[in-house]
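K.L.:
Below is one structure. I have some questions about it.
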Amino acid sequence: MLYQLSAFIDSIEDYQFSAHLSILSGNTIGKHLRHIIEFYQHLLQSYLNNQIVVNYDARIRNHFIETDKNYAKQEIGQLVFFLEQTNKDKEMMLCFSLNEKGDTQHIPTTFYRELAYNLEHAIHHLAIVKMAVIQHFPEIQLDTNFGIAYATIQYHNEKLKTEQS
């Protein structure tokens, strides 16, 4: 997923990365990509610092990621490097907001479970980015499977095989 994200960043222009788009309620593609990157960063920081609690709501919001394509790619490269070195699961606790008043809940999780969540979370945001690209920048060529869950891709492939049989 992170490689796909990096390749996508290479395929767009700076103005496309930071344009405020109506379909994104005035937000930018860069903001969605920052959101994805920061979830991975927060999880990895918690893991590397031996913190038991993961709270994505408390992540650091680095606006350079959403405005500077090269910086965003550099951050992705660091994530890939550290994730390739990380090969041990670890029990953790997920803390999340229940409402706008700040009430929170804690539930048991693991590092690997949170990596799986981050993957699905990234796909969800890339699906939103895909809609923005199609509407505002149709000249950008996206991979057919961009922003589509792997299980959905597998389902469609199996369905196609069945129909061709």
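The values are calculated or read from the model by the stated rules, or taken from the named source; none is laboratory data. Quick caveat: nothing in here was measured; it's all calculated off a predicted structure. All Cβ positions, glycine included, derive from the backbone under ideal geometry; neighbour counts span all protein chains shown. For the accessible areas, the whole protein counts, side chains as well, though only heavy atoms, and no ligand, DNA or RNA atoms are used. Shrake-Rupley method; radii C 1.70, N 1.55, O 1.52, S 1.80 Å.
K.L.:
Each label point is 7 Å from the Cα along the Cα-to-Cβ direction; what then is the distance between the points at residue 143 and residue 7, in nm?
P.N.:
0.4
K.L.:
Relative contact order of the chain: what whole-number percent is it, with Cα pairs under 8 angstrom and at least 6 residues apart? Let's see the in-between values first.
P.N.:
Numbers: 182 pairs, mean separation 37.1, N = 165.
Reported as a whole number, the value is 22 percent.
K.L.:
How would 93, 131 line up by accessible area, probe 1.4 Å, largest first?
P.N.:
131, 93
K.L.:
Shifting gears a bit: Roughly speaking, what is the centre-to-centre gap between the stretch 103-165 and the stretch 57-84 when only Cα atoms are used, to the nearest Å?
P.N.:
20
K.L.:
Mind listing the phi-derived Karplus ³J(HN,Hα) values for the stretch 7-15, rounded to whole Hz, using 6.51, -1.76 and 1.60 with θ = phi - 60°, and x for any glycine or proline?
P.N.:
In residue order, the calculated couplings are 5, 4, 4, 4, 8, 10, 8, 4, 5 Hz.
K.L.:
Quantify, in whole percent, the carbon and sulfur part of the accessible surface of the chain (1.4 Å probe; protein heavy atoms only). Before the final figure, lay out each step's value.
P.N.:
Values: 5200 of 9740 Å².
For the chain, the apolar C and S fraction of the accessible surface comes to 53 percent.
K.L.:
On to the next question. What accessible area, in Å² to the nearest ten, does a 1.4 Å probe give for residue 89?
P.N.:
For residue 89, the solvent-accessible surface is approximately 60 Å².
K.L.:
Let me have the 222 nm mean residue ellipticity of the chain computed from DSSP H runs of 4+ only, each contributing -39500 (n - 2.57), with the sum over all residues rounded to the nearest 500.
P.N.:
-19000 deg cm²/dmol
K.L.:
Given a Förster distance of 30 Å, report the FRET efficiency between residue 62 and residue 107 from their Cβ-Cβ distance, rounded to the nearest 0.05.
P.N.:
0.65
K.L.:
Starting from the residue with the highest accessible area, list 133, 53 in decreasing order, probe 1.4 Å.
P.N.:
53, 133
K.L.:
Also: Amide H neighbours of residue 93 under 5 Å, counting only residues 5+ apart in sequence or on other chains, H built in-plane at 1.01 Å?
P.N.:
When sequence neighbours closer than 5 places are left aside, the close amide H contacts are 53, 54, 109.
K.L.:
Something else about it: Show 106, 35 ordered by accessible area, largest first, where the area counts protein heavy atoms only and the probe is 1.4 Å.
P.N.:
I get 106, 35, largest accessible area first.
K.L.:
Once the dipole of the chain is set up with Lys and Arg at +1 and Asp and Glu at -1 on Cβ about the Cα centre, which of 29, 70, 112 lies farthest towards its positive end?
P.N.:
112
K.L.:
Which value, in Å² rounded to 10, gives the accessible area of residue 130 with a 1.4 Å probe and all protein chains present?
P.N.:
Using a 1.4 Å probe on the heavy atoms, I get roughly 50 Å².
K.L.:
Quote the FRET efficiency, to the nearest 0.05, computed for residue 161 versus residue 119 with a Förster distance R0 of 25 Å and r equal to the Cβ-Cβ distance.
P.N.:
Details: r = 25 Å, r/R0 = 0.99.
Here the calculated transfer efficiency is 0.50.
K.L.:
Moving on to the next point. Taking a probe of 1.4 Å, how large is the accessible area per residue of the chain, in Å²?
P.N.:
About 59 Å² of surface per residue is accessible.
K.L.:
Here is a follow-up. Restricting to the chain, compute how many DSSP beta bridges are antiparallel as a %, nearest 5.
P.N.:
Expressed as a percentage, antiparallel bridges in the chain total about 80.
K.L.:
Give me a comma-separated list of calculated 3J(HN,Hα) values for the stretch 50-64, in order, Karplus coefficients 6.51, -1.76, 1.60 applied at θ = phi - 60°, integers in Hz, x for any Gly or Pro.
P.N.:
My calculation for the stretch 50-64 gives 6, 7, 7, 8, 10, 9, 4, 5, 8, 5, 7, 9, 9, 6, 5 Hz in order.
K.L.:
While we're looking at this one, here's another question. Got a sec? Charge dipole of the chain, +1 on Cβ for Lys and Arg, -1 for Asp and Glu; which of 136, 17, 123 is way out at the positive end?
P.N.:
Checking the options against the dipole of the chain, the answer is 123.
K.L.:
Still on this model: Would you please classify the overall shape of the stretch 1-145 from the alpha carbon gyration tensor, given that a ≥ b ≥ c denote the square roots of the eigenvalues, rounded means a/c under 1.5, and beyond that prolate means a/b larger than b/c while oblate covers the rest?
P.N.:
Cα axes put the stretch 1-145 in the prolate bin.
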